[in-house]
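Quick notes on the structure that follows.
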Amino acid sequence: MGAYHPQVVHFAIALLVVGVLFRLLAWLGRPAFLGPAAAALLTLGTLAAVAAAYTGDAAHGPVERMPGLRLAVTEHEAWGERARNIFLIVVLAEAVALALRKSAKARYALMASTAIGLVGVGALYEAGEHGGEIVYGYAGGVGTQSGDAQDVGHLLRAGLYQQALADRKAGKSESATALFDMAVQRFPSDIELQLARAESLILDRKDPAAALHALRAITPPGDSPFIRIRHGMLTADALEAAGQRDGAIATLQQLVAAVPNARVQQRLDTLKAK
């Protein structure tokens, strides 16, 4: 059931936020459907929140075991349970208002529903923020949710690539190249990774000869203009870095003739002007 947590959570958030908004607007008295719609949305949203807490409990085990994630998962779980409990109280207030609909006292139950619902929206925000931190800050669940080993490979590839870029930005050139080497060894058939490694040889290792050797071993697919352009541009960069300006110009001329592109033309014009 844990695999369904992201879908259920988004339903809960949408239904509850709109439900609270409708309950607020219902105090204006018009249109008349806002009150009943708010009650229905809050009820459905609370049921979704209960399901979200249940599926979250089922999902958090594998994620919580990931190094460095325990505290973030615990905080997300706590805020999710708070939001669920708050909206259970909101639904209770809505039920009381429905039972007292012919009495003036129903107004007080609706006031309670509105006030507590606003608090609940705050709890929803905190739960969502912590959930986003788990996914986007720690990659919790990324690559593991489906149970497909191939998805774990996608996670590893993305992690190696992003860490290599971070190391390059931090001036850790050798580390960046080593990570690209590792990525290509792990995913030898990925042309885009091979191109990224060749770029690293130019930028990080300052070894255009090695980059040219790597690029000449790559055959760009004819049906992918993006890869053909990237391959040609990197080849030109490596040739220029190796002091072969004429070769770089010839490479770009061939490339722009085969795959017309404004960026390639601009690079060619710049190189000719030097």
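Which value does Rg/Rh take for the stretch 148-201 over its C-alpha atoms, Rh per Kirkwood? Taking Rh as the inverse mean 1/r over Cα pairs, Rg/Rh reads 0.98.
Between Ala210 and Gln163, the modelled label-to-label distance comes to 1.9 nm, taking each label 7 Å out from Cα in the direction of the beta carbon. Net charge dipole, the stretch 2-138: roughly 800 debye, given to the nearest 20, about the Cα centre with Cβ charges of +1 for Lys and Arg and -1 for Asp and Glu. Between Leu25 and Arg263, the FRET efficiency estimated from the beta carbon spacing at R0 = 51 angstrom works out to 0.55. Modelled label positions at Asp246 and Val135, each set 7 Å beyond Cα in the direction of Cβ, lie 5.6 nm from each other. Round to the nearest 10 and give me the degree value, 0 to 90, for the angle of helix 245-258's Cα axis relative to the longest principal axis of the chain. Taking the Cα atoms of the chain, the angle to 245-258 is about 60 degrees.
This model, with +1 at the C-beta of Lys and Arg and -1 at the C-beta of Asp and Glu, gives the stretch 148-201 a dipole about its Cα centre of some 200 debye. Annotation: lysines with alpha-carbon distance below 23 angstrom to Lys169 (same-chain offsets under eight excluded): Lys206.
Please compute the length gained on full extension between Tyr125 and Ala99, using 0.36 nm multiplied by the number of residues separating them and subtracting their Cα-Cα distance.
On the way: separation 26, 0.36 × 26 = 9.36 nm, distance 3.05 nm.
Full extension of this stretch gives 6.3 nm more.
Roughly speaking, what is the centre-to-centre gap between the stretch 94-132 and the stretch 176-206 when only Cα atoms are used, to the nearest Å? Between the Cα centre of the stretch 94-132 and that of the stretch 176-206, the gap is 55 Å.
Here the chain is assigned +1 on the Cβ of each Lys and Arg and -1 on the Cβ of each Asp and Glu. Its dipole about the Cα centre then comes out at about 820 debye.
Label point of Val50 set 7 angstrom out along Cα-Cβ; within the stretch 96-134, amide nitrogens under 17 Å from it belong to 96. Legend: calculated FRET efficiency, Ile218 to Val18, from the Cβ-Cβ distance at R0 = 45 Å, rounded to 0.05, equals 0.30.
With the charge dipole of the chain set up from +1 on Lys and Arg Cβ and -1 on Asp and Glu Cβ about the Cα centre, the Cα lying farthest toward the positive end among the listed residues Ala97, Gly132, Ala32 is that of Ala32. Gap in Å between the Cα centre of the stretch 234-255 and the Cα centre of the stretch 10-50? One Cα centre to the other: 62 Å.
Hey, if you drop one equal point scatterer on each alpha-carbon of the chain and run the Debye formula without solvent, what base-10 log of I(q)/I(0) do you get at q = 0.09, 0.13, 0.14, 0.15 Å⁻¹? Values returned for q = 0.09, 0.13, 0.14, 0.15 Å⁻¹ are -0.65, -0.87, -0.93, -1.00.
Between 0 and 90 degrees, the angle of helix 262-273 with respect to the longest Cα principal axis of the chain falls at about 40 degrees.
Based on the Stokes-Einstein relation at 4 °C and a viscosity of 1.567 mPa s, and on the Kirkwood radius from alpha carbon pairs, the stretch 219-274 is assigned a translational diffusion coefficient of 117 µm²/s.
No value in this document is a laboratory result; all are computed from the given coordinates. For clarity, every value in this text was computed on a predicted model and none was experimentally measured. Glycine gets a Cβ as well: all are built from the backbone with ideal geometry, and neighbour counts include every protein chain shown.
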